[in-house]
Amino acid sequence: MKSFRALAAVLSYPTPELQAAVPDIRAILSEEGVVGPSGLGGIEVLLARLAAEDIWALQEAYVLLFDRSRTLSLDLFEHVHGEGRDRGGAMLDLLETYRAGGFDLIGPELPDHLPVLLEYLSTQPVQVAQDILADAAPILRVLAERLTRRSSAYAGVFALLLEFAEKVHGASSASPELEDVPDDDPEDLEALDAIYVEAEVVFGPEPGGCGARARGDTVRVDASRLIRRGTAG
């Protein structure tokens, strides 16, 4: 379903190309009906802001949320495994899932990066997408709650994904272990900078296999590529 590719673009770093694609994103989500009107209404504020606000302000807000806040990382396994060895094994398992589904990850993005996962789901049957999102629901719910506390319009994307997963699997609860993690203070820039002082290696794909990148390297997903790449799914 193209809706997941559209949501991947919404969660990507804001660019003029993403701003121009907002009408297409809105149309795709409405036409495919992944969720009901309430779910679409939940992200309309975000879509309107992406389309109309100053691009520099959008980019600054995105960086403060997802790049500078570890507790809002879009790399899902970071919330479960941190930088531990288990994360590497989980990455390899996810890469194998992608390959088995006919999805080749090319480029610097980590396989557990949520926009990458959503692009993969856009190539899969609806039931597969619901099952995978249901597995990720405890993480998605915690992220939704943290974004809601910050009054971020991005919370609506996570609420929409949860609504889709819960159509079949029922309501999920947030992981107590994740809920107990103190949220980063968005105003304490010195503390946030300290997180990135020492480069830590995390596992991720490189062309031809699984490589590594240092914490603090910023990965960007090309929104125009996600939206216009094709119509699979």
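Computed from the coordinates by the stated procedures, all read-outs in this text should not be read as laboratory data. These numbers come from a predicted model, not from an experiment. Virtual Cβ from ideal backbone geometry, glycine too; neighbours counted across all protein chains shown.
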Query raised in the report: In what order do Glu145, Glu31 fall by count of nearby beta-carbon atoms within 10 Å, going from fewest to most?
Result: Glu31, Glu145
Query raised in the report: Separation between the Thr97 and Val126 pseudo-spin-labels, each 7 Å from Cα along Cα→Cβ, expressed in nm?
Result: 2.1 nm
Report summary line: Ranked from fewest to most other Cβ atoms within 10 Å of their own Cβ, Ile139, Ile25, Ile132 fall in the order Ile132, Ile139, Ile25
**Report entry** Cα-projected label distance for Ala51 with Ser151, points at 7 Å along beta-carbon direction, nm
**Finding:** 2.4 nm
